[in-house]
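Report on one structure; see the data block that follows.
The values are calculated or read from the model by the stated rules, or taken from the named source; none is laboratory data. Computed from a prediction, not measured in an experiment: that's the story for all the values here. We place every Cβ from the backbone using ideal geometry, glycine too, and count neighbours over all the protein chains shown.
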Amino acid sequence: MEQVRDYELKAFFTHVIDVLERLQIPYMVVGGFAAIFYGEPRLTLDVDIVVDMKWHHIEPFVAAFPIPDYYVSEEGIRDSLQRRYPFNVIQPTTGAKVDLVPLPRDPFTRAAFQRRQRMEYDVAGHSATFITPADIVVAKLVAHRETESEKHLRDARGVLITQWGELNLEAVRRSARASGVLDQLEELVEAVRQEVEE
């Protein structure tokens, strides 16, 4: 399959956001897409979105992604909402994929969802609701602890560097302490401080 192009992923993302907003499904863009938005560029082939989707949203949501242009499973969504695990929408022609995560019950994600903010994400003036920079740093450190994937550390570092001077580090520390990743945050903050102040 041909590699999905950046503009194709953005167009697909814009369509998904439009559907969520038209159906009034509360959401928050998270994951690598949010980390790249606030931080340093890297390749990502999918987008992660936390959604507070209810049962009555399912049928109109599925109808907004007709086959063969898109693939989404109504049964998969119902299972996802019941078991609280992600489901996805795929655009077969490009291979672009959006993973939608039913709003988790953990205190950090719930609090981050309340703090989410609307941001413009392209030169055309499209906007969406994103996790905050402070919360994506903590989320990426938690993801690194759980998966040991270095990309999560790189993402957290990229956001810290790019947003340095804008972030309320004390607020980040409070969230990191509550999430059990304060030591990792302090280590990263010190490394970034040395790099920024060189």
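The single condition among (1) surrounded by 12 or more Cβ atoms within 10 Å (Cβ to Cβ); (2) modelled with pLDDT of 95 or more; (3) assigned to a helix (DSSP H, G or I) that residue 128 does not meet is (3). Looking at the range 119-138, can you tell me whether even one residue there is in contact with an Asp or Glu (Cβ under 9 Å, 6 or more places away or on another chain) and among the charged types (D, E, K, R)? Scanning the range 119-138 turns up no residue that is in contact with an Asp or Glu (Cβ under 9 Å, 6 or more places away or on another chain) and among the charged types (D, E, K, R). Selection of the range 34-50 for residues being hydrophobic (A, V, I, L, M, F, W, C) and surrounded by fewer than 21 Cβ atoms within 10 Å (Cβ to Cβ) yields 36, 37, 43, 45.
Each row is one residue, and each column tells you yes or no for (1) among the basic types (Lys, Arg); (2) under 14 Å from residue 55 (Cα atoms); (3) in contact with a strand residue (DSSP E or B) (Cβ under 8 Å, 6 or more places away or on another chain).
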| site | (1), (2), (3) |
| --- | --- |
| 72 | no, no, yes |
| 76 | no, yes, yes |
| 89 | no, no, yes |
| 96 | no, no, yes |
| 101 | no, no, yes |
| 106 | no, no, no |
| 112 | no, no, yes |
| 116 | yes, no, yes |
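When 25, 49, 67 are checked against the criterion of being within 16 Å of the chain's Cα centre (by Cα), more than 29 Å from residue 192 (Cα to Cα) and not in a helix (DSSP H, G or I), 25 stands alone in meeting it.
What do you reckon, is residue 17 crowded, with 21+ Cβ neighbours inside 10 Å and in contact (Cβ under 8 Å) with a residue 12 or more places away in the chain? Considered against the rule, which asks whether it is crowded, with 21+ Cβ neighbours inside 10 Å and in contact (Cβ under 8 Å) with a residue 12 or more places away in the chain, residue 17 comes out as no. Out of the residues in the range 72-100 that are among the hydrophobic types (A, V, I, L, M, F, W, C) and free of Cβ contacts under 8 Å to residues at least 24 places away in the same chain, state the one that is surrounded by the fewest Cβ atoms within 10 Å (Cβ to Cβ). Going through the qualifying residues, I end up with 90. The condition of being part of a helix (DSSP H, G or I) and not aromatic (Phe, Trp, Tyr) holds for only one of 104, 41, 60, that being 60.
One line per residue, one yes/no per condition, for (1) in the same structural domain as residue 35 (by TED's automatic domain parsing); (2) of a type outside the set (S, T, N, Q); (3) in contact (Cβ under 8 Å) with a residue 60 or more places away in the chain; (4) under 24 Å from residue 168 (Cα atoms):
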| site | (1), (2), (3), (4) |
| --- | --- |
| 102 | yes, yes, no, no |
| 105 | yes, yes, no, no |
| 143 | no, yes, no, yes |
| 149 | no, no, no, no |
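Considering only the range 1-50, state which residues are touching a Leu at 6+ places or on another chain (Cβ under 6 Å) and at pLDDT below 90. Selection gives 4 alone. Answer yes if at least one residue in the range 109-120 is out of contact with any Ser or Thr (no Cβ under 8 Å at 6 or more places or on another chain), assigned by TED's automatic domain parsing to the domain that holds residue 28 and surrounded by fewer than 16 Cβ atoms within 10 Å (Cβ to Cβ), and no otherwise. The answer is yes; a qualifying residue exists.
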